[in-house]
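Participant: Could you have a look at this structure, given as structure tokens, before my questions?
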Amino acid sequence: MALIHIDPVPPRCSPGVVLSFVCTGGKLDSKHIGKIAFVGRGATVEVPDAKAAALVKALDGATLQDKPVRVRFAGKGDFTNADHLGNLSNLLDLEAKAEQEEARRRAQAEEGSAVGDGSTLTRLVLRDSEFGLGGRLLLTFGRKTLNEPLPPSRLGPGSPVVLNQTNVNRRVPSYRGVIYDRDSATIGVAIDPPDDELPDEAVWRLDLSPDEVSRVRQQDALRRAASASGDRLAELREVLLGRASLPSPLAGEGAGASPAGEGESATARAASPLTRLEDSPASPARGEGKDKNTLNEPQLAAVEFALAAIDFAIIHGPPGTGKTTTVVEFIRQAVAKGDTVLACAPSNHAVDNLLEKLLAAGELPVRLGHPARIMPELRARAVDILAEKHPDARQARRVARDAFALFRQADKWTRDKPQPGEKAALRREARDMLSEVRKLQALAIERVLDETKIICATLTGLDSQLLGQRRFDVVVIDEACQSTEPTNWVPLLRANKLILAGDHCQLPPTIISPEAAERGLSISLMERLVSRFGTDMSRLLTVQHRMNSAIMGFSNAEFYDRNLIAHESVENHRLCDLPGVIAEPLTETPVQFIDTAGASYDEELEEDTGSRRNLQEATLAVKKVRALLAAGVAASQIGVITPYRAQVRLLRERLANVDGLEIDSVDGFQGREKEAIVVSFVRSNNEGEIGFLADTRRTNVALTRARRKLLVIGDSATLANDRFYQRMLTYFEEIGATSSVWEEID
């Protein structure tokens with residue numbers, strides 16, 4: 001028999017209640033159900049192999065005793081290596097093992113170091129607690145000595161953590177939470193209200209938590225996609241895996257399609273005429289933002305193409321071409337014609353960027369996710385914050401305060417000794433009140449979700465306990481190439497149509513396991529589909545509004561077949577055109593490559609980390625940054641990019657007194673731009689080794705962050721051992737942008 005897992009089950013839930021839930025929701029006779037075992041907050045149920053997939057589909061997000069629950073497979077099932085989804089499942093296991101090994105290495109390093117790796121804080125006491133951030137309990141911790149500073153750590157706002165009591169010998173509950181605040185002496189953690197009052201005299205430990213929930217959701221999504229039959233998920237699976245022919249005519253050839261219902265065939269879906277937003281009825285979710293359509297022709301063509309798609313469509317957005325702006329316009333038009341949209345991205349930052357632009361465009365999306373992980377200026381759209389305003393939530397807060405007052409009363413008798421059983425009765429009453437609190441909170445959230453047309457969330461932040469069994473006419477994934485394919489299948493479980501937006505010529509997903517990366521986990525769903533279907537199912541945005549044409553030139557030829565066009569507003573703009581900037585060679589030329597070959601600017605390894613740095617190259621980069629500042633360029637308009645974390649640390653140290661200047665790795669600048677960018681390549685050695693500079697997509701990102709000035713520092717003798725960098729050096733020479741480091745020596 002197969003195993004399915006139900007989580008969370010209500011406190012003191014009996015096996016009979018679980019049995020009834022499975023049989024009623026899954027339309028199954030109880031004689032076919034095997035053992036029911038309670039594990040932690042959940043229950044595992046034995047069910048017939050042939051019924052497992054249908055039961056997970058029917059029960060996931062269904063209501064058990066007035067509360068939606070998550071239902072998933074409790075094992076990997078019958079995946080085979082020959083199956084694409086099964087292979088992805090195996091690669092996820094490899095990645096999980098690599099993550100565990102890295103965590104063990106960090107722990108061993110911490111044992112041998114007085115500082116550790118910064119993933120743990122110990123000897124904490126509880127200083128304050130209050131309700132906030134969507135009904136969560138906000139805990140403030142510090143050291144026992146008031147105002148004693150906490151040591152440096154990687155625990156900052158948004159970090160997921162596990163909270164454990166350390167001054168007890170017995171087994172006590174641990175609590176999962178998120179950091180919502182941090183200063184020199186205190187740290188704030190938001191947790192779901194516990195069933196019992198936290199002990200006043202406890203000593204606590206905070207540990208950075210691995211994202212095990214994300215991995216479980218991905219594995220379950222792959223299993224559900226593989227086992228789907230006779231429904232929309234099964235149709236999309238066959239199309240996306242290339243096992244079903246695409247509908248004819250192809251999407252984007254002038255006919256649109258309404259979302260398919262369950263089991264409806266691709267060829268039976270009816271076409272519907274395309275409309276421009278100006279001609280569409282107002283969206284019910286639209287606020288008072290701008291309604292005017294200001295997209296250029298390639299952007300409008302991409303929007304129409306995506307609207308017309310039957311199963312999926314791809315919007316390919318190179319640097320500066322307004323990919324997210326195009327995605328937002330597509331969402332607006334989809335909503336205007338009555339569609340519901342689930343808008344996702346791989347990171348909280350990317351989701352917030354999408355949310356911010358949707359709000360500016362006049363839409364009113366609801367943002368899923370812990371409020372502490374959302375930008376403060378956008379938290380008003382968090383589902384928990386919106387739900388707090390509902391009368392049911394206000395009532396829940398009052399009941400919660402009363403419940404914790406009962407807990408305190410049970411533990412602190414000030415007069416007569418309580419009657420036998422009286423303390424237990426008070427605690428039982430308090431727990432019942434907290435159960436009522438959760439029902440009221442869930443009802444308030446349900447109302448908020450029912451009233452919106454657009455929901456924004458990270459790819460793995462989709463929770464059936466929150467979303468229930470909701471499906472969406474369209475799932476949109478922005479920055480799709482920065483996510484692994486398994487993460488994309490999590491929202492696909494709820495999709496009638498899929499829109500992917502990104503650029504497979506920029507940063508790929510970050511993979512820890514070399515074996516998993518080599519076997520395909522580093523290939524995003526979008527990259528795989530572009531490779532398979534090419535321009536049949538994608539549209540390229542071709543007008544870029546960021547870079548001077550000389551900055552754009554090399555990447556345009558190397559990655560985009562010279563299809564990009566610099567808009568006339570940016571084609572020839574330079575630093576010297578900015579107010580207050582002095583006209584001189586540094587500010588009048590858009591591109592400069594400073595060649596350090598022959599100057600003994602040798603790279604070196606940083607002790608302890610194994611990362612690389614180049615001291616002389618850093619000195620030159622600092623000199624050029626200070627020259628830009630002296631010419632009148634504001635620090636906030638300058639960015640310094642280098643591929644190696646050791647060089648990032650070195651440059652930050654040397655430029656620490658320049659407020660507003662940003663220095664970061666390539667990953668840190670993805671999706672960003674500055675008026676001037678200084679790039680330090682670092683690698684300079686006699687062997688001609690370039691290390692992970694060989695991942696040329698990273699270099700594409702570094703070279704396309706600048707608007708008016710790109711200044712690159714590198715050793716041509718080392719770089720030229722790679723053909724890509726040979727072509728880059730040739731381009732710099734052809735546009736007259738190459739100079740020698742000897743010209744920089746005073």
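The values are calculated or read from the model by the stated rules, or taken from the named source; none is laboratory data. Being a predicted model, the structure only gives us computed values, none of them experimental. Here the Cβ positions follow ideal geometry from the backbone for every residue, glycine too, while neighbour counts run over all protein chains shown. Just the protein is used for accessible areas: all its heavy atoms, side chains included, with ligands, DNA and RNA removed. Shrake-Rupley method; radii C 1.70, N 1.55, O 1.52, S 1.80 Å.
Participant: Have a look at 703, 719, 729 and point out the one that is over 15 Å from residue 555 (Cα atoms) and of a type in the set (A, V, I, L, M, F, W, C).
Facilitator: Numbers: 703 fails: over 15 Å from residue 555 (Cα atoms); 729 fails: over 15 Å from residue 555 (Cα atoms).
719 is the lone residue from the list that is over 15 Å from residue 555 (Cα atoms) and of a type in the set (A, V, I, L, M, F, W, C).
Participant: Counting just the residues of segment 136-189 that are assigned to a loop (DSSP other than H, G, I, E, B) and either at positive phi or in contact with a His (Cβ under 9 Å, 6 or more places away or on another chain) (or both), which one comes out surrounded by the fewest Cβ atoms within 10 Å (Cβ to Cβ)?
Facilitator: Among those residues, the one meeting the criterion is 147.
Participant: When only residues in segment 710-744 that are outside any helix (DSSP H, G or I) and charged (D, E, K, R) count, which is least open to solvent (accessible area, probe 1.4 Å)?
Facilitator: Filtering segment 710-744 for residues outside any helix (DSSP H, G or I) gives 710-715, 720-722, 735-740.
Now restrict to residues that are charged (D, E, K, R): 715, 722.
On the way: 715: 12, 722: 39 Å².
Step by step, filter segment 710-744, then rank; the result is 715.
Participant: What about residue 493, is it open to solvent by 10 Å² or more (accessible area, probe 1.4 Å) and either more than 13 Å from the chain's Cα centre (by Cα) or under 17 Å from residue 239 (Cα atoms) (or both)? First the steps, then the outcome.
Facilitator: Numbers: open to solvent by 10 Å² or more (accessible area, probe 1.4 Å): yes; either more than 13 Å from the chain's Cα centre (by Cα) or under 17 Å from residue 239 (Cα atoms) (or both): yes.
Against the criterion (open to solvent by 10 Å² or more (accessible area, probe 1.4 Å) and either more than 13 Å from the chain's Cα centre (by Cα) or under 17 Å from residue 239 (Cα atoms) (or both)), residue 493 qualifies.
Participant: Being under 30 Å from residue 324 (Cβ atoms), among the polar types (S, T, N, Q), in contact with a strand residue (DSSP E or B) (Cβ under 8 Å, 6 or more places away or on another chain) and open to solvent by 60 Å² or more (accessible area, probe 1.4 Å) narrows it down to one residue among 563, 548; which is it?
Facilitator: Values: 548 fails: open to solvent by 60 Å² or more (accessible area, probe 1.4 Å).
Answer to the selection: 563.
Participant: Find the residue count for segment 304-323, including only residues that are more than 19 Å from residue 492 (Cα to Cα) and open to solvent by 10 Å² or more (accessible area, probe 1.4 Å).
Facilitator: Start the filter on segment 304-323 by keeping residues that are more than 19 Å from residue 492 (Cα to Cα), which leaves 304-305, 316-323.
Now drop any that are not open to solvent by 10 Å² or more (accessible area, probe 1.4 Å), which leaves 304, 316, 320, 322-323.
Selection size over segment 304-323: 5.
Participant: Among the residues of segment 625-643, are any part of a strand (DSSP E or B), hydrophobic (A, V, I, L, M, F, W, C), open to solvent by less than 10 Å² (accessible area, probe 1.4 Å) and without any contact (Cβ under 8 Å) to a residue 40 or more places away in the chain? Spell out how you get there, then give the answer.
Facilitator: The initial filter retains those residues of segment 625-643 that are part of a strand (DSSP E or B), namely 638-641.
Of the ones still in play, those that are also hydrophobic (A, V, I, L, M, F, W, C) are 638, 640-641.
Keeping just the survivors that are open to solvent by less than 10 Å² (accessible area, probe 1.4 Å) gives 638, 640-641.
Adding the requirement that they be without any contact (Cβ under 8 Å) to a residue 40 or more places away in the chain leaves none.
Looking for residues that are part of a strand (DSSP E or B), hydrophobic (A, V, I, L, M, F, W, C), open to solvent by less than 10 Å² (accessible area, probe 1.4 Å) and without any contact (Cβ under 8 Å) to a residue 40 or more places away in the chain, one finds none in segment 625-643, hence no.
Participant: Considering only residues that are of a type outside the set (S, T, N, Q), buried (at least 21 other Cβ atoms within 10 Å of the Cβ) and not in a loop (DSSP other than H, G, I, E, B), which ones fall in segment 449-459? Steps first, please.
Facilitator: Our first condition is that a residue be of a type outside the set (S, T, N, Q); within segment 449-459, this holds for 449-451, 453-457, 459.
Pick out the ones that are also buried (at least 21 other Cβ atoms within 10 Å of the Cβ) and you get 453-457, 459.
Matches in segment 449-459: 454, 455, 456, 457.
Participant: Looking at segment 460-477, can you tell me whether even one residue there is assigned to a loop (DSSP other than H, G, I, E, B), surrounded by 21 or more Cβ atoms within 10 Å (Cβ to Cβ) and modelled with pLDDT of 95 or more?
Facilitator: no
Participant: Please specify each residue of segment 345-371 satisfying the condition of being touching a Leu at 6+ places or on another chain (Cβ under 9 Å) and in a helix (DSSP H, G or I).
Facilitator: Within segment 345-371, 351, 352, 355, 356, 358, 359, 371 meet the criteria.
Participant: So if I check each of 345, 360, which one is within 21 Å of residue 475 (Cα to Cα) and surrounded by fewer than 23 Cβ atoms within 10 Å (Cβ to Cβ)?
Facilitator: Values: 345 fails: surrounded by fewer than 23 Cβ atoms within 10 Å (Cβ to Cβ).
Testing whether each residue is within 21 Å of residue 475 (Cα to Cα) and surrounded by fewer than 23 Cβ atoms within 10 Å (Cβ to Cβ) leaves just 360.
Participant: Can you say whether residue 342 is touching a residue at least 60 places away in the same chain (Cβ under 8 Å) and not in a helix (DSSP H, G or I), as far as the supplied structure shows? Before you say what the answer is, go through the steps one by one.
Facilitator: Working: touching a residue at least 60 places away in the same chain (Cβ under 8 Å): yes; not in a helix (DSSP H, G or I): yes.
Against the criterion (touching a residue at least 60 places away in the same chain (Cβ under 8 Å) and not in a helix (DSSP H, G or I)), residue 342 qualifies.
Participant: Residue 273 passes all but one of (1) at pLDDT below 90; (2) surrounded by 15 or more Cβ atoms within 10 Å (Cβ to Cβ); which number fails?
Facilitator: Looking at each condition in turn, residue 273 falls short on (2).
Participant: Could I ask something else about it? Can you find even one residue in segment 504-517 that is in contact with a strand residue (DSSP E or B) (Cβ under 8 Å, 6 or more places away or on another chain) and either over 27 Å from residue 216 (Cβ atoms) or open to solvent by less than 30 Å² (accessible area, probe 1.4 Å) (or both)?
Facilitator: From segment 504-517, those in contact with a strand residue (DSSP E or B) (Cβ under 8 Å, 6 or more places away or on another chain) are 504; that's our starting set.
Still in the list and also either over 27 Å from residue 216 (Cβ atoms) or open to solvent by less than 30 Å² (accessible area, probe 1.4 Å) (or both): 504.
Scanning segment 504-517 turns up at least one residue that is in contact with a strand residue (DSSP E or B) (Cβ under 8 Å, 6 or more places away or on another chain) and either over 27 Å from residue 216 (Cβ atoms) or open to solvent by less than 30 Å² (accessible area, probe 1.4 Å) (or both).
Participant: Go through segment 22-38 and give me each residue that's open to solvent by 40 Å² or more (accessible area, probe 1.4 Å) and of a type in the set (Gly, Ala, Ser).
Facilitator: Our first condition is that a residue be open to solvent by 40 Å² or more (accessible area, probe 1.4 Å); within segment 22-38, this holds for 24, 27, 29-32, 35-38.
Matches in segment 22-38: 30, 37.
Participant: Related question: From 700, 685, 657, grab the single residue that is farther than 28 Å from residue 560 by Cα and either in contact (Cβ under 8 Å) with a residue 40 or more places away in the chain or assigned to a strand (DSSP E or B) (or both).
Facilitator: 685
Participant: Go through the residues of segment 649-669 one by one and say whether even a single one is farther than 22 Å from residue 616 by Cα, crowded, with 17+ Cβ neighbours inside 10 Å and in contact with a strand residue (DSSP E or B) (Cβ under 7 Å, 6 or more places away or on another chain). I'd like the intermediate steps shown before the answer.
Facilitator: Taking segment 649-669 first, the residues farther than 22 Å from residue 616 by Cα are 659-660, 667-669.
Imposing the further condition that a residue be crowded, with 17+ Cβ neighbours inside 10 Å reduces the set to 669.
Still in the list and also in contact with a strand residue (DSSP E or B) (Cβ under 7 Å, 6 or more places away or on another chain): 669.
The answer is yes; a qualifying residue exists.
Participant: Given the structure, is residue 543 closer than 21 Å to residue 241 by Cα and hydrophobic (A, V, I, L, M, F, W, C)? Please lay out each step first, then the result.
Facilitator: Values: closer than 21 Å to residue 241 by Cα: no; hydrophobic (A, V, I, L, M, F, W, C): yes.
Answer is no for this residue.
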